[in-house]
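Please read the structure below before turning to the comments.
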């Protein structure tokens, strides 16, 4: 069928496309500023941020080897170093602080522990022997010793064993102080070292009534 014999009018499908008309989505061309501003940001802004970070670190003492950025802390450290150097190089004129007596004085050696106790040992066994034949004499002496703090006092009857006066016998030098305290408590004056008559500790032989 020829176009001349086509019975219908032309529509948009019959009209050919304009070869010079727009096709698809069209955008305006980009300006030179829109193409170059990201590069300007990288070149200018990034170095400024880096410099600010370094300056902050140096200002707060995190970086101390960058000249001119140390701030007050670097100046203080430099002043302290200069002062220390001056002190080291200054001659000794005798005005420096003298060492304390505790540092200069030598430590005295510790005194050895005494082989004999400084005071009476109240727990030492003390045996009171009534050799005078006076009833209750040993018990009276034991009561006085217990009142003075002695805790191991025993009593009994026995012979004088050659003693002419009431005597306190002790077995070793380590018991001398305790034996003297026993004699002082009972008002006696004779204290004798005798391991045989002391019975291994302290023995009080009473041949007469207690003084007082």
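The values are calculated or read from the model by the stated rules, or taken from the named source; none is laboratory data. This is a predicted model, so every value here is computed, not measured. Cβ sites come from the backbone with ideal geometry, for glycine too, and all protein chains shown count toward neighbours.
Against the condition surrounded by fewer than 15 Cβ atoms within 10 Å (Cβ to Cβ), outside any strand (DSSP E or B) and modelled with pLDDT under 95, how does residue 120 come out, does it pass? Considered against the rule, which asks whether it is surrounded by fewer than 15 Cβ atoms within 10 Å (Cβ to Cβ), outside any strand (DSSP E or B) and modelled with pLDDT under 95, residue 120 comes out as no.
How many residues are touching a residue at least 40 places away in the same chain (Cβ under 8 Å) and within 22 Å of residue 139 (Cβ to Cβ) when one looks only at region 168-212? Counting residues in region 168-212 that are touching a residue at least 40 places away in the same chain (Cβ under 8 Å) and within 22 Å of residue 139 (Cβ to Cβ) gives 16.
When region 176-207 is filtered for residues that are assigned to a helix (DSSP H, G or I) and either outside the structural domain of residue 144 (by TED's automatic domain parsing) or touching a helix residue (DSSP H, G or I) at 6+ places or on another chain (Cβ under 9 Å) (or both), the ones remaining, listed by number, are 179, 182, 185, 186, 198. Screening the candidates 185, 154, 167 for the property of being exposed (fewer than 15 other Cβ atoms within 10 Å of the Cβ) and more than 47 Å from the chain's Cα centre (by Cα) yields one hit, 154.
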